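Each remark here refers to the structure printed beneath this line.
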Amino acid sequence: MKLTAEETAWAAHGFTREIARLAERPVRIMEVCGTHTVSIFRNGIRQLLPANVELVSGPGCPVCVTPNEYLDTAIAFSQRPDTILATFGDMLKVPGSHSTLLAQKAQGADIRIVYSPLDSLTIARERPDKDVVFLAVGFETTAPTAAATLLQAERLKLTNFFLLPAHKLVPPALRALLSAPDIRVDGFLLPGHTAAISGLEPYRFVAAEYHKPAVVTGFEALDILQGIYMLLTQIACGHAEIGNQYRRVVKPAGNVAAVSILRQVYQPVTTVWRGLGAIEDSGLAIRPEFDRFDAGTQLPLPAVVTQEPAGCRCGEVLCGRIRPEACPHFGGNCTPEHPVGACMVSVEGACAAWYKYGQGR
Ligand code: SF4
């Protein structure tokens, strides 16, 4: 049911009043997802909260958590003869160690922006003389589509289509955050779109093992206010469970068909996150039976030499250790037009959101 503007304003006022009533002590809430970060800024939600409720951004921007080594490998593929790189547009400006995909494209590399992995299949069919490599970056939300694309490539018997997988899973990253002794988080706003795929079960450990409340939350302003209210309700009475504010989309069991496709094509693997390092079973690797579609094993490349941008503190931003404005580059030599690190590139990056919407609180 869609609320009128007046009803929305009343509901927002009600949640804001209840949040103020429940916030009896300083509380630190992490919005795990970059889409939440942007919505919080765009809707001025920080300004609606009492001073003792702090929102901190987490590792939920897929482009931001993808380490430089992957970017460097993608750039190396773009320089490979007879290769077309297909990618979502948000990867283009992300700085690798020595260049960007955008710079490579300007120098003549055949890099195509696609809006779905399936678009890269079309390219592969049109150009059988080329190897087409799709940069498969993203969380649980986008991984099923990439997996379905691989299965479609198999049905079409394509021999020139490959994935370069860098998919990541959110729950293992939460475990890494919760295990870090220097990171204090009192509760989590969990991403509604990843939970729509995985369901609630993979998140239960947050409450069961770490006694931290978490609420799967949608992306409208009211969703976020309600999610914060649901978290504070738990925190106020010392309770911890995985709440579901986004019931209109997220079912407890998730999307069974999508998870089935994921499991058919991928298997969990240890992978590296910017800021969090290597996390066990936090990535998705192509299963051996589909190895012929894995660019990393099928298309030879020289080893890449990786280095992080000097002084960039993206890793600390992504773990909630610092706010973007604490980075010495922020707003000076690091801006969305001239980004130093990945968090300033992506529209879902915390640094980009803080820069675009003002520094908030
Ligand atoms: Fe990295 Fe720029 Fe953010 Fe600093 S402001 S952490 S350099 S992206």
Apart from one, (1) within 19 Å of the chain's Cα centre (by Cα); (2) surrounded by fewer than 16 Cβ atoms within 10 Å (Cβ to Cβ) all hold for Ala176; the odd one out is (2)
Can you list residue pairs whose Cβ atoms sit under 7 Å apart, with the first residue in segment 330-345 being without any contact (Cβ under 8 Å) to a residue 12 or more places away in the chain and at negative phi and the second being more than 6 Å from the ligand (Cβ to nearest atom) and of a type in the set (Asp, Glu)? Count only pairs 6 or more apart in sequence or on different chains. none
Return yes or no: is Asp281 farther than 15 Å from Pro67 by Cα, more than 9 Å from the ligand (Cβ to nearest atom), without any contact (Cβ under 8 Å) to a residue 40 or more places away in the chain and not in a loop (DSSP other than H, G, I, E, B)? no
Hey, can you tell me all the residues within segment 220-273 that are surrounded by fewer than 17 Cβ atoms within 10 Å (Cβ to Cβ), touching a residue at least 24 places away in the same chain (Cβ under 8 Å) and assigned to a strand (DSSP E or B)? Pro268
Are any residues in segment 76-94 assigned to a helix (DSSP H, G or I), open to solvent by 10 Å² or more (accessible area, probe 1.4 Å) and within 28 Å of Gly320 (Cβ to Cβ), and if so, which ones? Gly89, Asp90
In segment 284-314, what residues are buried (at least 21 other Cβ atoms within 10 Å of the Cβ), away from the ligand (no atom under 16 Å from the Cβ) and not in a strand (DSSP E or B)? Phe293, Ala295
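Results for (1) within 27 Å of Arg175 (Cβ to Cβ); (2) touching a residue at least 12 places away in the same chain (Cβ under 8 Å), shown as yes or no for each residue.
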| site | (1), (2) |
| --- | --- |
| Arg25 | yes, yes |
| Gly34 | yes, yes |
| Ser39 | yes, yes |
| Gln47 | no, yes |
| Asn68 | yes, yes |
| Gln107 | no, no |
Residue by residue through segment 111-140, note down the ones that are over 17 Å from Tyr70 (Cβ atoms), part of a loop (DSSP other than H, G, I, E, B) and in contact with a Ser or Thr (Cβ under 7 Å, 6 or more places away or on another chain). Val114, Ser116, Lys130, Glu140
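Let's see how each residue does on (1) of a type in the set (Ser, Thr, Tyr); (2) modelled with pLDDT under 90; (3) outside any helix (DSSP H, G or I); (4) open to solvent by less than 30 Å² (accessible area, probe 1.4 Å):
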position	(1), (2), (3), (4)
Met1	no, yes, yes, no
Arg17	no, no, no, no
Arg28	no, no, yes, no
Thr37	yes, no, no, yes
Gln47	no, no, no, no
Where residues in segment 49-75 are in a strand (DSSP E or B) and small (Gly, Ala, Ser), which of them is farthest from the chain's Cα centre (by Cα)? Ser57
Does Arg323 satisfy the criteria of being over 22 Å from Glu69 (Cβ atoms), within 12 Å of the ligand (Cβ to nearest atom) and among the basic types (Lys, Arg)? yes
Residue among Phe41, Phe77 that is modelled with pLDDT under 95 and aromatic (Phe, Trp, Tyr): Phe41
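Each row is one residue, and each column tells you yes or no for (1) within 20 Å of the chain's Cα centre (by Cα); (2) modelled with pLDDT of 90 or more.
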residue: Gly320; (1), (2): yes, yes
residue: His329; (1), (2): no, yes
residue: Pro339; (1), (2): yes, yes
residue: Glu348; (1), (2): yes, no
residue: Lys356; (1), (2): yes, yes
Criterion first (within 15 Å of Tyr266 (Cα to Cα) and surrounded by 15 or more Cβ atoms within 10 Å (Cβ to Cβ)) does Thr73 satisfy it? no
Segment 143-172 - residue that is in a loop (DSSP other than H, G, I, E, B) and farther than 27 Å from Cys319 by Cβ and, of those, most open to solvent (accessible area, probe 1.4 Å): Lys157
If I ask for residues that are within 7 Å of the ligand (Cβ to nearest atom) and in contact with a strand residue (DSSP E or B) (Cβ under 6 Å, 6 or more places away or on another chain), which ones from segment 326-361 would you list? Val340, Met344
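The values are calculated or read from the model by the stated rules, or taken from the named source; none is laboratory data. Note that this is a predicted model, so its numbers are computed, not measured. All Cβ positions, even for glycine, are placed from backbone atoms using ideal geometry, and neighbour counts span all protein chains on display. Surface accessibility is based on the protein's heavy atoms, side chains included, excluding ligands, DNA and RNA. Shrake-Rupley method; radii C 1.70, N 1.55, O 1.52, S 1.80 Å.
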